[in-house]
Amino acid sequence: MQEFDPKILNEKPIPPPAEFQRRARLRSLDEYRKLYDRAKIDPEGFWGEQAKMLDWFAPPKKILEWNVPHAKWFLGGKLNVSHNCLDRHLAKSANKIALYWEAEDGKHLKFTYAQLHERVCKFANALLGLGVKDGDSVAVYMPMIPELPIALLACARIGAIHSVIFGGFSATALSDRISDAKSKLLITADGGYRRGHVVPLKETADKAAEACPSIEKIVVVKRTGENVAWKNGRDLWWHDLEAKASSNCPAPSFDAEHPLYILYTSGTTGKPKGVLHTSAGYLLGAMYTTQLVFDLRDDDIYWCTADIGWVTGHSYLVYGPLANCATCVMYEGAPDFPKKDRFWEIIERYKVSIFYSSATAVRAFMAWGNDWIAKHDLSSLRLLGTVGEPINPAAWKWYFEVIGGKRCPIVDTWWQTETGAMMISPLPGATPTKPGSATLPLPGVVARVATLKGETVKPGETGYLIIEKPWPSMLRTIFGDDERFKRDYWSRIPGVYFTGDAAQCDADGYIWVLGRVDDVIKVAGHRLSSMEIESALVSHPAVAEAAVVARPDEIKGEAIVCFVTLRSGHNHSAALRVALIEHVAVTIGSIARPAEVRFADLLPKTRSGKIMRRLLREVAEKGGVSGDTTTLEDMAVIQKLAAAAIDED
């Protein structure tokens, strides 16, 4: 196995900022270890105690029934997820702001818990009036507007299973997901806004519905006011339905294992893979981790920048924060519209105290330069977080120093659509951090880095990240394909959950996630992590962001191709290209010397911020792209890279 850079593994941990630590829920590594050990010794007792956070209509009679790989949590328990996010807060916090919403054009709305509850109840009654029943599937294809979380909470209220489909998907991708979930209702909008342009969601929804006989009705939010095609009898305006609906909608009781939602994992090929999450376990996981990892307080202004079309938006913009009675910020548009300081403007306006964004976004902020940040007051921030791809040490340090002013701990969180909630993360007042490491498993999570034989790897060796014990927010199956669920997650190392991520562990037990197992490059028989090479590139002072892929090589098997975005003030040059190649060779070793370094003004990404390495692989191999680009944010980025590849050839 490939050795990791010892300079990183042996880096001295950074203690939590003293002022933050003094007021934190957990204030030392010893406190964390005591809690972790208690959970590991008696997991059912631990999760039974945590489950008291939820408001139960009937308490559980049994904590866990575990028949590998199928788990049932909190058997006999009855609750309502929407009630837990809204109703139970009304007695004490009816007038507390639940949601600040900012439109791309700068318009603002705010909703108290009482107002959000009323809107959810009305739309829940509207759904019931359309014949939506407990257990029915409802597809949601919407922009980032308040009606999106309202739709989710209304579905949860009446026991319908929501399936949110990201608003950037094509008609084909949308219809595939609707058909797989057998959705009977589709909720969309006349359009959405992205960088000042209208995204024609209704038009796409109409095309998808033509191939989906299960769809009986389409509910449309009037967002843009654009003229849209209309099918009488099928298409209905949201505002008309809500105006006629009663605000009285008592929350019925559902079983703890009642299905809550299906979410299709990004980047799937062939048959869509719908991850199924159920009610009590998922909600507990989202609520517990929101409270613990963000050290959430009653007066926090919390902003998770994720689109609700992805799991981060589900868990950490809707369910986790609202179950904790938090005040959330939700933003409709892009981080660089109309200017590259939009996020800092929002933080200053709402006095955001907790900021949770993607590692790729952080690298973009770094590339844009510090001048955009310097003009804004970010003193309200007390905690920073990252999610998605692993954050490289250079970006981590920039985030800590420039955005956090060296006073805000960073929680670098590792988890997946399938896990439902965070699994590995620092606890901000307790865990000394190491830039680039997700650090330690959360209490209640038993994670390990192992070989395919299940043997624990030595410090510094690369292995596979696995989860050994069930946890409440785990996926229950792949919707409609339980065999795939067993094969993909539970058969590679029998009896344990196989995450599909490569990782390393250091001498302190800290976990360093290297990226997907698929993102491994084999050069002359040596396995190299693309994440490791990307980290080496970004440690160079000229580099803001990098993506590394492989192309076939007759001699070495695979050759390393690097796509690099430079920091403000640095220019493309042959000399810099040579310097970066040498920098990688010196940092990792000559075996990792790139065959090519290609400069790029931007890297191709999904709207959720993930770099689309699959497309970069095609550019590296073929000089162009023929594969699926439905989730690509800006097609012009990949076209420019392909044109540059032809010019270089």
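Remarks
- Normalised by the number of residues in the chain, the mean separation of alpha-carbon contacts (under 8 Å, six or more apart) gives a relative contact order of 14 percent.
- Interchain or long-range residues, amide H under 5 Å from ASP501's placed H: LEU465, VAL517
- By DSSP, the beta bridges lying fully in the chain are antiparallel in about 60 percent of cases.
- With neighbours defined as other Cβ atoms within 10 Å of a residue's Cβ, the residues VAL219, VAL446, VAL387 order from fewest to most as VAL446, VAL219, VAL387.
- Helical contribution to [θ] at 222 nm, DSSP H n ≥ 4, -39,500 (n - 2.57), averaged over the chain, rounded to 500: -9000 deg cm²/dmol
- Environment charge at ALA559 (Cβ cut-off 9 Å; Lys +1, Arg +1, Asp -1, Glu -1): -1
- Rounded FRET efficiency, nearest 0.05, which uses the C-beta distance separating ASP371 from LYS61 and R0 of 35 Å: 0.05
- Counting other Cβ atoms within 10 Å as a rough exposure proxy, the listed residues ARG382, ARG177 run ARG382, ARG177 from fewest neighbours to most.
- Semi-axis lengths, largest first, of the ellipsoid equivalent to the range 271-351 are 25, 19, 8 Å, with √(5λ) applied to each eigenvalue of the Cα gyration tensor.
- Remark: ASP87, ASP298 ranked as ASP298, ASP87, counting other beta-carbon atoms within 10 Å and listing the fewest first.
- The range 248-314, Rg to Rh (Cα coordinates; Rh as Kirkwood inverse mean 1/r): 1.04
- Qualifying aspartates and glutamates (Cα of each under 20 Å from Cα of LYS92; at least 8 residues distant if same chain): ASP55, GLU118, ASP298, ASP299, ASP300
- Cysteines having no other Cys beta carbon under 4.7 Å from their own, within the chain: CYS85, CYS155, CYS212, CYS304, CYS325, CYS328, CYS408, CYS505, CYS562
- Extending 7 Å from Cα along the Cβ direction at SER247 and again at LEU130 yields two label points whose distance is 2.2 nm.
- Net +/- balance of residues flanking ASP55 in space, Cβ distance below 15 Å, scoring K and R +1, D and E -1: +4
- Peptides ranked, highest mean first, by Cβ atoms within 10 Å: ranges 241-250, 455-464: 455-464, 241-250
- When both bridge partners sit in the range 215-287, DSSP labels roughly 60% of those beta bridges antiparallel.
- Taken over the range 1-106, the alpha-carbon convex hull comes to 309 cubic angstrom per residue.
Coordinate-derived values only; no laboratory data. Every value quoted in this text rests on a predicted model; they were computed, and no experiment measured them. Every residue, glycine as well, gets a Cβ built from its backbone with ideal geometry; the counts of neighbours run over all protein chains shown.
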